1. Compute the relative contact order of the chain as a whole-number percentage, counting only Cα pairs closer than 8 Å that sit 6 or more residues apart in sequence.
2. Taking the chain as the reference, fit the longest principal axis to its C-alpha atoms, fit the long axis of helix 13-25 to the helix C-alpha atoms, and give the angle between the two in degrees, 0 to 90, nearest 10.
3. With the other protein chains left in place, how much accessible area per residue, in square angstrom, belongs to the range 134-192 at a 1.4 angstrom probe?
4. Measure nothing but the geometry: give the 0 to 90° angle between the long axis through the Cα atoms of 266-281 and the longest principal axis through the Cα atoms of the chain, rounded to 10°.
5. GNM, the chain, Cα, under 10 Å: largest mean-square fluctuation among Pro194, Pro365, Pro107?
6. Counting helices only, and only those DSSP H runs with n ≥ 4, report the 222 nm mean residue ellipticity of the chain as the sum of -39,500 (n - 2.57) divided by its residues, in deg cm²/dmol to the nearest 500.
7. What order do you get for 171-180, 90-99, 293-302 when each peptide is scored by the mean count of other beta carbon atoms within 10 Å, highest first?
8. Working from the pairwise distances between different alpha carbons, so that the mean of 1/r is found and then inverted, what is the chain's Kirkwood radius in Å?
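The values are calculated or read from the model by the stated rules, or taken from the named source; none is laboratory data. What you see is a predicted model, and the numbers here were worked out from it, not measured in a lab. As a convention, Cβ positions derive from the backbone with ideal geometry for all residues, glycine included, and neighbour counts pool all protein chains shown. Side chains included, ligands, DNA and RNA excluded: accessible areas come from the protein's heavy atoms. Shrake-Rupley method; radii C 1.70, N 1.55, O 1.52, S 1.80 Å.
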Amino acid sequence: MAASENAASTEGEASLDVASAALRALGLRPVINAAGTLTRLGGSLMAPGVVEAMAEGSRHFVDLPALQRAVGERIARLTNNEAAYVSSGAAAGIVVSVAACLAGTDPGRIANFPSLRGFDKTEVIIQRAQRNGYDYAIRQTGATLVEIEGAAGSLEAAITDRTGAIVVFAGTRLMTGALPIATVIEIAHRHHVPVIVDAAAQIPPISNLWHFTRDLGADIAIFSGGKGLRGPQSTGLVLGRADLIEGCIANGSPSASVGRPLKVGKEELLGILAAVEWSLAQDEATTISRYETIVAGWLSGLRGLPGVTAERAFPSEAGQPHAWLLVQLRDDAAMDRDALVAALWDRDPRIAVWELGESGFALNPQTLGDGEDAVVLDAVRSLLST
Ligand SMILES: *Cc1c(COP(=O)(O)O)cnc(C)c1O
């Protein structure tokens, strides 16, 4: 169904109203999200069918480890991967997959985190250009980060008997100054070191669910369940090598280990499965061309305003293959960027945009509900026209 559904559409007006009534009862305004799949704004809105699957899960006790395995096997089959594990988010997926690379399924080691006393593998390699807030998840296991330059020689020199994994962050913003993923994998595999690709926000395209693992040969690829897949916010997918997925299961909840606080409930397990099924059934080309139409409408609506330069840009924020709109404000604009962002956020509903540099911002179609692109355009136009 619903190739026209996008990252914000829900089952209908009624459920939107109920949700916003609950927010208003708490003194909060709903947000129109023209920024992107940011966790601090709620990530994405769940796809049709996801909340029903979660509700179904909420009504029955179940053998949770068996459910975890069954959902993992189904998701692996759907995504052309050897095996799959559902984590409580992409960051949690980094924790359990690094733990799997360091401890495997060894009970003594699993119980020992974050102390790596007695471990053979204690180090994880990362490229300096890719350092970012999510690499905390690597260090959470107790692993020592070994930072290298984005050069083949630097990677070769850093690999030792203590290297447990190499973590690579996919996406255009983090790839600047970093080795191509295929090069990292080629070098790592020559030394029998597994490569974990954090591809949290790399959907669309949906084919990335198998691209990094099956096409490029990464040992593990990790995705947020609550970004482009539009599953429950507190889910993520860890996809790839069966032995490492066994390690994720052994290190994850309900085992008493570093993964125990990263619990995934039966509701989330059924919810992310429904979201993967829904996402695979969408016509991606139609969705992407709808984004193109929205961006073209914004572009013509903002063109010619004093002090405003607007241009279509591609790819989007994290390298997703669709258009978004970049806007620069000069000194002769009606207000500066910070004032504009504050004024948009102060509306009801609030409007969130993506800030760029000192004087720019971007409008992202990925997280907008039907008709919200016009609300955003009207608001930006009226503030920049005065
Ligand atoms: C969003 C993001 C994460 C975290 O994902 P969660 O599902 O919120 O845990 C990790 N890595 C990257 C590169 C991301 O963009």
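1. Computed over the chain, the figure is 25 percent.
2. So the inclination is approximately 80 degrees.
3. 47
4. 60
5. In this elastic network of the chain, the residue with the biggest mean-square fluctuation among Pro194, Pro365, Pro107 is Pro107.
6. Dividing the helical sum by the residues of the chain leaves -11500 deg cm²/dmol.
7. Per-residue mean Cβ counts within 10 Å order the peptides as 90-99, 293-302, 171-180.
8. Kirkwood hydrodynamic radius for the chain: 21.9 Å.
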